[in-house]
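**Q** Below are the structure tokens for one structure; questions will follow.
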Amino acid sequence: MLSVHFWGVRGSIPCPGRSTVEFGGNTTCLEIRAGKRLVIVDLGTGVKALGDHITVNNSRKKPMDIDILISHTHWDHIMGFPMFTPIFTPGTKLRIKGPVSYNEDNLESIIREQLSYRYWPVRQSELAAEIVYEELQETSFDMGGGLKLSTKYLNHPILCLGYRFEYKGKTIVTAFDHEPFRNLFTTNPKDSSYNEEIALEGEQAAKEENDRILRFYKGADILIHDTMYTAEEYNKRLGWGHSSYEYAIEAACQAGIKTLVLFHHDPASDDKRLKSLLSKYRKAVKGRNLELVMAREGLTVIA
């Protein structure tokens, strides 16, 4: 069985409180299960509860062996790591994989920097777990136990990867943080910088990248997609690296997705607003053979 459990569903910053109880206020963290195999996607604040759950339910007290995939190293996607209980458990082995992040920094140096005295009282050298880091690019490989992983660069201000999990004929795809590729060159002939050839090349380049994204999503049983904004909100936030509900829905329909999970909620969207948006967009896709689910903490979806 291939499934996903949501431990953190927010973007940008945790937002606990009375108005976010139903959907949750923790930042991104997913638990992917492929048979008995565990893979964690992102180390947002939701990973604290996941780590506690794993530790408490390790009834035989066996050494824990865990794969962790980082979509990218923006703060909301890694800030829970210092409170991830298994890092303090002797015998734990962690394999942390993710994209090369920023200029001269690598994945290990960025995670390690959190565990320095200027930010935190426990340094990485003091952790009980054995941690191995591996930087990923666009690739595809067997993770073992019948689980195949493919990766795809998304459109975000720093390098960010989407992940495609395939197990026994079922598929789950993650795509956060991501916004549609667009032509960055002027298309207005009246603009002094307008160049017809460059404008056409920009349109073609954006189309090709958006087509590649659709091929990456294609036929997935579950697509977990960034839907931080409505279309109106997104148009005022171009280049921030996040998607609209409308874009995610249209992409899912074009890619033949069965279930679209709306994810990476804006911290300003309280429970009332998220329920209203879910109702609105479910009406919009009626008859399009697509199930819409609003991500919330504690939710499990089976592919």
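Just so it is clear, none of the values below were taken in a lab; they were calculated from the coordinates. All of these numbers come straight from a predicted model, not from anything done at the bench. A quick note on method: Cβ atoms are made from the backbone with ideal geometry, for glycine too, and the neighbour counts reach across all protein chains shown.
**Q** About its Cα centre, what dipole magnitude does segment 2-302 give when the only charges are +1 on Lys and Arg Cβ and -1 on Asp and Glu Cβ, stated in debye to the nearest 20?
**A** Values: 38 positive and 39 negative charges, 298 e Å.
With Lys and Arg at +1 and Asp and Glu at -1, about 1440 debye.
**Q** How about segment 185-251: which trypsin sites (Lys or Arg not before Pro) there lie in a loop by DSSP and see at most 16 other Cβ atoms within 10 Å?
**A** Numbers: sites: LYS190, LYS207, ARG212, ARG215, LYS218, LYS236, ARG237; in loops: LYS190, LYS218, LYS236, ARG237.
When the trypsin sites (Lys or Arg not before Pro) of segment 185-251 are filtered for loop state and at most 16 Cβ neighbours within 10 Å, LYS190, LYS218, LYS236, ARG237 remain.
**Q** Could you list the trypsin sites (Lys or Arg not before Pro) in segment 80-146 that lie in coil according to DSSP, counting only those with at most 10 other Cβ atoms within 10 Å of their Cβ? Intermediate values should be presented prior to the final figure.
**A** On the way: sites: LYS93, ARG95, LYS97, ARG112, ARG118, ARG123; in loops: ARG118, ARG123.
Here the sparse-neighbourhood loop sites are ARG118.
**Q** A further question follows. Once phi is turned into θ = phi - 60°, what whole-Hz ³J(HN,Hα) does the Karplus curve with 6.51, -1.76 and 1.60 give for every residue of segment 154-170, x standing for Gly and Pro?
**A** Along segment 154-170, the couplings run 9, 9, 8, x, 10, 4, 9, 10, x, 10, 10, 9, 10, 8, 6, x, 10 Hz.
**Q** Counting other Cβ atoms within 10 Å, keep those with at most 15, restrict to DSSP loop, and tell me which GluC sites (Glu not before Pro) in segment 114-143 are left.
**A** Answer by residue number: GLU138.
**Q** Of all DSSP beta bridges located in segment 46-169, what percent are antiparallel, nearest 5?
**A** Percentage antiparallel, nearest 5: 50.
**Q** Tell me, what ³J(HN,Hα) does each residue in segment 270-286 have, in order and in whole Hz, if you take phi through Karplus 6.51 cos²θ - 1.76 cosθ + 1.60 with θ = phi - 60° and put x for Gly and Pro?
**A** 7, 4, 4, 5, 5, 5, 5, 5, 4, 4, 4, 7, 5, 5, 5, 9, 4
**Q** To continue, here is another question. Before rounding to the nearest 500, sum -39500 (n - 2.57) across all DSSP H runs of length at least 4 in the chain and divide by the residue total; then give [θ] at 222 nm in deg cm²/dmol.
**A** Rounded to the nearest 500, it is -7000 deg cm²/dmol.
**Q** Also: Suppose R0 equals 22 Å; then what is the FRET efficiency for MET1 and ASP65 from their Cβ-Cβ distance, rounded to the nearest 0.05? Don't skip to the end; give the middle numbers.
**A** Values: r = 20 Å, r/R0 = 0.89.
The pair MET1/ASP65 has a calculated efficiency of 0.65.
**Q** Which order do peptides 9-22, 155-168, 74-87 fall in by mean Cβ count within 10 Å, highest first?
**A** 74-87, 155-168, 9-22
**Q** Hey, another quick one. For ILE68, ILE198, what's the fewest-to-most ordering of other Cβ within 10 Å of each Cβ?
**A** The fewest-first ordering by Cβ neighbours comes to ILE198, ILE68.
**Q** In segment 51-166, with Lys and Arg counted as +1 and Asp and Glu as -1 at Cβ, which of these residues, THR139, ILE66, TYR119, has the Cα nearest the positive end of the dipole, that is, farthest along it?
**A** Going by the charge dipole, the pick is ILE66.
**Q** Taking the DSSP beta bridges in segment 2-302 as the whole, what percent of them are antiparallel, to the nearest 5?
**A** Restricted to segment 2-302, the bridges split so that about 50 percent are antiparallel.
**Q** Dipole of segment 143-252 (Lys/Arg Cβ +1, Asp/Glu Cβ -1, origin at the Cα centre): which of LEU184, ALA252, ASN235 lies farthest to the positive side?
**A** After comparing all options, I get ALA252.
**Q** Using the basic label-point model (7 angstrom from Cα toward the beta carbon), what is the LYS36 to LYS218 distance in nanometres?
**A** The modelled label-to-label distance comes out at 3.6 nm.
**Q** Roughly how compact is segment 14-135, stated as its Cα Rg over 2.2 N^0.38 Å to two decimals? Don't jump to the answer; show the numbers that get you there.
**A** Numbers: Rg = 14.4 Å, N = 122, 2.2 N^0.38 = 13.7 Å.
Expressed relative to 2.2 N^0.38 Å, the Cα Rg reads 1.06.
**Q** Where does the charge balance sit around MET143 when Lys and Arg score +1, Asp and Glu -1, over other residues with C-beta under 11 Å from its C-beta?
**A** Charge balance in the 11 Å sphere: +1.
**Q** Still on this structure: Could you work out the equivalent-ellipsoid semi-axes for segment 67-225, taking the square root of 5 times each eigenvalue of the Cα gyration tensor, largest first, in whole Å?
**A** Equivalent ellipsoid of segment 67-225: 36, 22, 11 Å, largest first.
**Q** Also: Once the principal axes of the Cα atoms of segment 49-105 are found, what is the range along each, listed largest first in whole angstroms?
**A** Principal axes ranked by extent give 43, 18, 15 Å for the Cα atoms.
**Q** Excluding ASN26 itself, calculate the net charge of residues whose Cβ lies under 12 Å from the Cβ of ASN26, where each Lys or Arg counts +1 and each Asp or Glu counts -1.
**A** Residues close to ASN26 contribute a combined charge of 0.
**Q** Could you tell me which residue out of GLN204, ILE87, TYR167 lies farthest along the dipole of the chain toward its positive end? Charges go on the beta carbon: Lys and Arg +1, Asp and Glu -1, centred on the Cα centre.
**A** TYR167
**Q** Neighbouring Cβ atoms within 10 Å as the yardstick, rank CYS29, CYS253 fewest first. Let's see the in-between values first.
**A** Values: CYS29 28, CYS253 14.
Ascending number of Cβ neighbours within 10 Å: CYS253, CYS29.
**Q** Moving on. Using a basic spin-label model with each label point 7 Å from the Cα along Cα→Cβ, how many nm lie between ARG112 and GLU203?
**A** Result for the modelled spin labels: 4.9 nm.
**Q** Once all Cα-Cα distances of the chain are split into 10 Å bins that start at 0, what whole-number percent is in each one?
**A** In order of increasing distance, the bins hold 6, 27, 35, 22, 8, 2, 0, 0 percent.
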